[in-house]
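Everything below concerns the one structure shown next.
The values are calculated or read from the model by the stated rules, or taken from the named source; none is laboratory data. Remember, predicted model here, so these are calculated numbers, not experimental data. Here the Cβ positions follow ideal geometry from the backbone for every residue, glycine too, while neighbour counts run over all protein chains shown.
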Amino acid sequence: MSKGHGSHPGSIDYDKYPFIVFWEVTRACKLACRHCRASAIEEPSENELDLEEGKELIDEISSCEQSPVLVFTGGDPLMRNDIFELIDYSVEKGLRTAFTPAPTSEVDKETIKRLKSAGVSRLALSLDGSCRETHDHIRGDGSYESIMKAAEISKEIGLPVQINTMVTKNTYKELEDIVELVEELDAVMWSLFFLVHVGRGQALESVTSEEAEEILNFLYEESGKRDFQVKTTEACHYRRVVIQNSDMISEEKSIDDIGRSIGVNDGNGVVFVSRDGDIYPSGFLPLKEGNVREDSLIEVYRNSEVFKDLRDKSGLKGECGICEFREICGGSRARAYATNGDYLAEDPLCSYNPEENTG
Ligand code: SF4
């Protein structure tokens, strides 16, 4: 199972280039979601990268040999007046461009049409409950309705939709119903984010590792029945669960299920640029390793000690350090850091016991 760290079969060398770049274009957002990583506020914060700086960043990202995906995130990216100019520029530069607006009534027909014509490849909508009450409890009044409308319009216009769902103690009992909604909405991907205690998310309760295991097995079963792809964030042990179950399915199907995400992890294929240009291994791992105003994003990604450590799975500790799945999984480095203050520690959300299984 061992591959060189940072490698990915047949495509991007993660030691050299990221697979996906998240750029938090603003902190401004009209919502105040209970789990918000960015602790978003209504107004933009001072010092956000301006249009020219944003274009320079896009220039650098597009200079990568293998063009990464650029995700405009926030806050609410729609709160920036120049967001469409940035999107146009990103698409023009040949980047696969994705967009994660806050689920508000601003995501209307005009906006979605504009996104589609700009060449945005996917619209990501956040759905954290199976009904208005539970979703709006987390995201705010009216948000559920906005998502349903946005998904319907996207379908009509032909812009693929991804549904993002936060997994917490409160939402996990609803996943069986949410999956039905994801199908009804014709989504191409269901992406589940497993809570890491950063930002406002510190006030929420995570599922236990046993519950996480149950959820990941449920996701695996669902992925075999549904047309959309299933992806997890900060729960990369989903890859272990897929592999462990793969004797029940063809190898091809198993690889397809974890797809391009094999090995991708905080700092390993992933890089996050904050609103004021700070460079982090992910939006959930608050270790600033540079700033795009002074540093080259790609140089920091390649050469920062933290990024290099994150790609070298031989430095992992605890259960992750001895686990035979560490090259394809490696555990959530953000959760290890949030829990232990050590980004190389084991991921407490994984209940797998490598010693028992390797003898
Ligand atoms: S022990 Fe760590 S590396 Fe192994 S499956 Fe669990 S999270 Fe992944």
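Among (1) in a strand (DSSP E or B); (2) modelled with pLDDT of 95 or more, which single condition is Val179 missing?
(1)
Look at segment 321-359 and say how many of its residues are within 7 Å of the ligand (Cβ to nearest atom) and more than 17 Å from Val242 (Cα to Cα).
Of the residues in that region, 2 qualify.
Filtering segment 70-88 down to residues that are touching a strand residue (DSSP E or B) at 6+ places or on another chain (Cβ under 7 Å) and not in a helix (DSSP H, G or I), which residue is surrounded by the fewest Cβ atoms within 10 Å (Cβ to Cβ)?
Ranking the qualifying residues of segment 70-88, first place goes to Val71.
Having 3 or more residues that are of a type in the set (A, V, I, L, M) is the bar; report the helices (runs of 4 or more DSSP H) wholly within segment 264-359 that clear it.
297-303, 333-340
Quick one: in segment 154-173, which of the residues that are surrounded by fewer than 19 Cβ atoms within 10 Å (Cβ to Cβ) and not in a loop (DSSP other than H, G, I, E, B) is modelled with the lowest pLDDT?
Lys173
How many residues does segment 182-191 hold that are touching a helix residue (DSSP H, G or I) at 6+ places or on another chain (Cβ under 7 Å) and either part of a strand (DSSP E or B) or among the small types (Gly, Ala, Ser) (or both)? Explain how you work it out, then say what you get.
Step one: filter segment 182-191 for residues touching a helix residue (DSSP H, G or I) at 6+ places or on another chain (Cβ under 7 Å), giving 185-186, 190.
Add one more test, that the residue is either part of a strand (DSSP E or B) or among the small types (Gly, Ala, Ser) (or both), and what stays is 190.
Going through segment 182-191 one residue at a time, the tally reaches 1.
For segment 135-160, give me the residue count where each residue is of a type in the set (Ser, Thr, Tyr) and closer than 23 Å to Leu204 by Cα.
The initial filter retains those residues of segment 135-160 that are of a type in the set (Ser, Thr, Tyr), namely 143-144, 146, 154.
Narrowing the set further to residues that are closer than 23 Å to Leu204 by Cα leaves 143-144.
Number satisfying all stated conditions: 2.
What is the number of the single condition among (1) farther than 30 Å from Lys169 by Cα; (2) surrounded by fewer than 20 Cβ atoms within 10 Å (Cβ to Cβ); (3) at pLDDT 90 or above; (4) touching a Leu at 6+ places or on another chain (Cβ under 9 Å) that Ser67 does not meet?
It fails just one condition, (3).
Is it the case that segment 303-316 has a residue that's within 14 Å of the ligand (Cβ to nearest atom), at pLDDT 95 or above, surrounded by 17 or more Cβ atoms within 10 Å (Cβ to Cβ) and under 20 Å from Val241 (Cβ atoms)?
Yes, segment 303-316 contains a residue that is within 14 Å of the ligand (Cβ to nearest atom), at pLDDT 95 or above, surrounded by 17 or more Cβ atoms within 10 Å (Cβ to Cβ) and under 20 Å from Val241 (Cβ atoms).
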